[in-house]
Each structure stands twice: as C-alpha cells, then as structure tokens.
Amino acid sequence: MSQLVEMLKPDFLLHHALYGSVMMGFVVPLVGVYFLLRRLVFWGVALPQVSAAGIAFALMLQGLGCTWLAGGESGEKHLAIIGSVVFTGLSILFLAYMERRGKGASEGRIGALYALAWAASILFVAANAAGETEMLGLLKGEIVAISESDFHAMLDIFGLIAVAMFLFQREFLLVSYDRDMAVTLGRRVLLWDVLLYLIVGLTISLGVMTVGPLVIFGFLVAPPMAALPWARGMTSLSVLASLCGGASTLAGFYVSYTRDLPLGPVAVCVACSLLVLSWLARAAAGRRVPV
Amino acid sequence: MNEPLVRFRHASLGYGAAPVLTDVNLEIPAQSFVGILGHNGSGKTTLLKTILGLIPCMKGHFSSRGAGLGPPRYGYVPQKERLDPIYPLNAYDVVAMGTYRKLELFPRLRGKDGRHLVERCLAACGASHLARRPFSDLSGGQKQRVLIARALTTEPEVLALDEPLAGIDITTQKALLKLLKEFKEERRLSILMVSHRVQAEKGLFTHIVFCDEGQALMGTTQGMLAHGKLSELFRTEL
C-alpha cells in the first residue's frame, strides 16, 4: 500500500511514465469502442503491426543515410511517428475502401496485411542493423524512458482525441450505426468516416510509439468488451471502457513496479482479467453477454 | 401544374456496373401513398435507395423535388434487421438520431436539443413506454414503431419505409398501417413503402409500383387491381 502512495506522489521518479500510461489507458478504449461496434476488431491486430512497420521504415531510411530527414534523437522520433502515421493512415484507407466495396473476404485482407506488416518490419530492421536496438525499444514501448517534451506532447494529443471522441460522438455513432440514415439526413458520411479513421490512425501510431503494438491491441479491445455488457448508451459505454482502461493501466503499473515485471504485458493481463470478471458478473446476474 | 415528387425518365438503376432495373419511367405525385411491390430480388429496394439518394441513378434522368427548391426531406425507415444489435442503445437513443441533422455543438453541450421532439414522436407512435428499453430487446412490431418515430423526428415531407411489415404478426401489421394512414392525413405526408407482398396494405395505397424482371410498372391502385392485373403479376388471387 505504501508503494501505491509513493507512486501517486508528484515527485515519484517515474511519474511521467505513470501518468502517460494511465492517459493511454483512458483514451485508447474510446477509439476501441468503434472497433468493437463496427465489428472491426481484427483491424486492431493488423494496424498496430502496420504502425510498427512504419516506424521501422522511417528508421531504416535514416539508417541508410537519409539524415536530412531528421537530426538528433528528437528528430528521429518525429520521423518515426510520421512513418507510423503514414503507414497506418494508408492502411486504414485501403481497408475502409475495400470494406465499403463489400467484396471479398475481409478477414483474409486483414490477415494478409498483418503478415505483410510483420514481415516488412523484420526486413526494414534487417536493412538497418545500426537501428535494431532503437527499433526494439520502440516496439516494446518506451514509456518508462519518455522525455518531458514527449510526455507533454502525448498528453496534448491524447487529450484532443478524447475531447473529439465525446464532442463528435453523435456523428461517429450515426455513420457507424445507420449510414443510410446519415445520408438521408444530409450528413457528410465520408467526411465523418475519414475523421474517425484519422483519429484511429493517430491513436494507434502514438500508442505504438509509447507502449508498443501488443498493448495497443489489448486496450483497443479488452476494455470496450468489458464495458459493453453494462453500458446503457454510447456515453456510458465510452465512459465505462475508458475507466476500465485507466484502472487497468494504474493497477498494471503498480504490479509492474512492485514485482519488477514489464509494464505492457501486465497492463494487458489486468485489462483481460477485468473483461473475464465483467462477463462472469453479467452471467451471475442472469443477463446475456452481448458478444 | 403540380411538379411530381419523383420523376424517372428512361433510367437504369443498380449497383456498380450491373443495372437491376432498366428503362424506368415513373412519376410519383406528392402526397401519395405508394406501394413499391415485387418478388424478392426484383429491385424494390434499389428503386427506393435511388429515390433516397443512397445510390446514384446509373443512366437516364432522375429528379426529386420537395416543397422547397431542393429534394424533399426524407424520413427513412430501414429494414429493422439491418441495424446491428451490438450497439447498447435504448429506444430513445435510436429515435434521437433523427435529430442529428446538424452539428449544433452548443445546444448539444447544454443537453437541451431535440428532447421534446423525440418525446412527441415517441408518443405519436405509441412508443413512449419503450423509451428506456434496449432497442435490441424489442419485438419486431415495437422496433418498427420506434423506427417510424425516428423517421418522424426528421420532420419529413416523405416517409420511406423498407419492408416495415416483414416478420410482424397480422394484428401489429394492421396497427402500424393505421398509424401510417393517420400520419399521412394529419401531416400531409407522402409515403413510399416497399413490400414483397400485397395483402392488408393494398387498400391504403393510392399508387402501386410493381418491379419484376428488370422493369418497374406504375399505376393507380384501382387500375392495377382492375381486371386482375396485380393478381396476374403476383401470380396469386388478390
């Protein structure tokens, strides 16, 4: 208990890592809610891996001598996030376009994209032996070593994403739930879809840079699923999922700190435990589980 | 002379490159109650979706005009099975979607936008008692009432319904049809209703569009029922 109190003090050595990971825990499930409701959960597997491939590609370019692209450690990180956002954004647009055409097997496309992204990540790293350590660090998530400026940038971006998710909840709900209705109401469906996908891409890219692909996938899926059986509307689903994600990262950080375990996997295990508890409680209450 | 609500001239309708209906020539008058009928896969929904602007007219001329200069304001009632039950929405939430026509961030932040309209429309459809119940838990007839209430919150000139009576018992069908008839008279609405059969509703229609084998044939209900024309088209006694 004393360690928990120590963790929550402002002068705690890892307070940036703690606040950053809890912020990630609050915000990523807000986006994950739409993955779940639009039945695009498998996008959550492929896109973080694509994002990682984007990071590897950016670092490879720098390793191959394109130093004019970025200078210094901070420039390297900016280049990595640009690579991540571009790769993720293009993949989302590709998947969304194919989804709208409604032809072919959606799961097959996502599986192929995942395999390609993983293979490409390995090849990009192989072509840039000097950057291998850097890349591995990024893929595992470097939140423990996050710098002051990166921490504040991360808080700002995640804060904006959270505000946008609540402010435009009606639009995102309408185009997700009943697209045809949205068109007859004269709403610009494509515009809202693109905005949602941009937010998804940014969340995944930033998340992968800070906590790694595994954690991002876990937090896109587990907290919204844990919240769904108890939700009484979109706002309650978003708030419950966000609270579940924030609580999981806080508990995960505590376990990780006290037991000297890696933060990401512990946080994902805590989020999945909450999911199992949620479903058991729902079943015990004699109510059906919606998914 | 009154402008028709919807006009097609030598139009081809369909998806992608393949037309479902060809050489469509129709004029739907304002304030009519039109039954769009035909067998499964005959192009009824394609016709409705083109009218609503959900898919473009592939070839020929298509125009629609409401009371203003532009197209009419549509209240759309989709097939209820198309709405995914995974969404944790109650009936009130579903009806409120009809008020999401504009961004209106400030009224939204104050939480005062559209509440009275939603309550009025739920009451008009006899669905006030369903407001707090999960939409996915409602029966077919209850869902249909809620979806009609949602369409009414858009304050439409035209109510467009896609198979609203499918999978609903006869008593509920009659109640829903009575409701639609009342709305048409009280609110001077035009109604377009897709159905794959014609039984209880045929007495309400002022006009019938029959889709079959790539063609759409339109006439007044009286004309279509006379001399067993509709029976012949449906290959059953009506």
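The values are calculated or read from the model by the stated rules, or taken from the named source; none is laboratory data. Computed from a predicted model, the values in this text were never measured in an experiment. Here the Cβ is made from the backbone with ideal geometry for all residues, glycine too, and neighbour counts use every protein chain on show.
For beta carbons closer than 6 Å, sequence separation of 6+ or different chains, a first residue in the range B:124-150 that is within 14 Å of another protein chain (Cβ to nearest Cβ) and a second that is of a type in the set (G, A, S) and assigned to a helix (DSSP H, G or I), the qualifying pairs are B:A131/B:A91; B:R133/B:A91; B:F135/B:A91; B:V146/B:A91; B:R150/B:G98. Among residues that are more than 10 Å from chain B (Cβ to nearest Cβ), part of a helix (DSSP H, G or I) and surrounded by 18 or more Cβ atoms within 10 Å (Cβ to Cβ), A:L196 is included. Cβ-Cβ contacts under 6 Å between residues 6 or more apart (or on different chains), taken from a first residue in the range A:28-57 that is away from chain B (no Cβ under 12 Å) and of a type in the set (F, W, Y) to a second residue that is assigned to a helix (DSSP H, G or I) and crowded, with 24+ Cβ neighbours inside 10 Å, are listed as A:F57/A:G83. Of all residues in the range B:52-63, those being over 19 Å from B:K184 (Cα atoms) and within 16 Å of the chain's Cα centre (by Cα) number 3. Against the conditions (1) outside the structural domain of B:E163 (by TED's automatic domain parsing); (2) more than 16 Å from A:D180 (Cβ to Cβ); (3) outside any helix (DSSP H, G or I), B:C57 satisfies every one except (1). Here B:L21, B:L13 are screened, and the one residue that is in contact (Cβ under 8 Å) with a residue 60 or more places away in the chain and closer than 20 Å to B:L161 by Cα is B:L21. For A:V22, are the conditions met, namely being more than 30 Å from A:G102 (Cα to Cα), β-branched (V, I, T) and part of a helix (DSSP H, G or I)? Criteria met by A:V22.
Scanning the range B:112-137 for residues that are surrounded by 13 or more Cβ atoms within 10 Å (Cβ to Cβ) and more than 22 Å from B:E186 (Cα to Cα) gives B:D113, B:L130, B:A131, B:R133, B:P134, B:F135, B:S136, B:D137. If you go through the range B:72-105 and keep only what is of a type in the set (V, I, T) and under 19 Å from A:R232 (Cα atoms), you end up with B:I86, B:V94, B:V95. Can A:L220 be described as of a type outside the set (F, W, Y), in contact (Cβ under 8 Å) with a residue 24 or more places away in the chain and farther than 15 Å from A:F26 by Cα? No, not satisfied.
Scanning the range A:135-159 for residues that are closer than 22 Å to A:G218 by Cα and modelled with pLDDT of 90 or more yields a count of 4. The condition of being buried (at least 17 other Cβ atoms within 10 Å of the Cβ), modelled with pLDDT of 90 or more and part of a helix (DSSP H, G or I) holds for only one of A:A162, A:A119, that being A:A162.
If the condition is being touching a residue at least 40 places away in the same chain (Cβ under 8 Å) and either under 18 Å from A:T184 (Cβ atoms) or facing another protein chain (nearest Cβ under 7 Å) (or both), then the range B:92-103 contributes B:D93, B:V94, B:V95, B:A96, B:M97, B:G98, B:T99, B:R101.
Determine whether B:A67 is out of contact with any strand residue (DSSP E or B) (no Cβ under 8 Å at 6 or more places or on another chain), more than 14 Å from chain A (Cβ to nearest Cβ), farther than 25 Å from B:G167 by Cβ and not polar (S, T, N, Q). Criteria met by B:A67.
The single residue among A:V183, A:V189, A:V175 that is surrounded by 15 or more Cβ atoms within 10 Å (Cβ to Cβ), within 14 Å of chain B (Cβ to nearest Cβ) and in contact with a Gly (Cβ under 7 Å, 6 or more places away or on another chain) turns out to be A:V183. Scanning the range A:230-245 for residues that are within 15 Å of A:S273 (Cα to Cα) and surrounded by fewer than 20 Cβ atoms within 10 Å (Cβ to Cβ) returns a single hit, A:L243.
Of all the listed residues (A:F217, A:F151), the sole one being under 29 Å from A:L59 (Cβ atoms), buried (at least 21 other Cβ atoms within 10 Å of the Cβ), out of contact with any Leu (no Cβ under 6 Å at 6 or more places or on another chain) and more than 14 Å from chain B (Cβ to nearest Cβ) is A:F217.
Note on the range A:223-266: residues that are within 14 Å of another protein chain (Cβ to nearest Cβ) and assigned to a helix (DSSP H, G or I) amount to 15. Across the range B:37-60, the qualifying residues are those that are within 11 Å of chain A (Cβ to nearest Cβ) and closer than 15 Å to B:I208 by Cα, and the one among them that is modelled with the lowest pLDDT is B:T45.
Filtering the range B:71-91 to residues that are more than 9 Å from every other protein chain (Cβ to nearest Cβ), within 16 Å of B:L122 (Cβ to Cβ) and either surrounded by fewer than 23 Cβ atoms within 10 Å (Cβ to Cβ) or under 18 Å from the mean Cα position of the chain (by Cα) (or both) leaves only B:V77.
Among the residues of the range A:247-261, are any surrounded by 22 or more Cβ atoms within 10 Å (Cβ to Cβ), closer than 30 Å to A:I82 by Cα and among the β-branched types (V, I, T)? Looking for residues that are surrounded by 22 or more Cβ atoms within 10 Å (Cβ to Cβ), closer than 30 Å to A:I82 by Cα and among the β-branched types (V, I, T), one finds at least one in the range A:247-261, hence yes.
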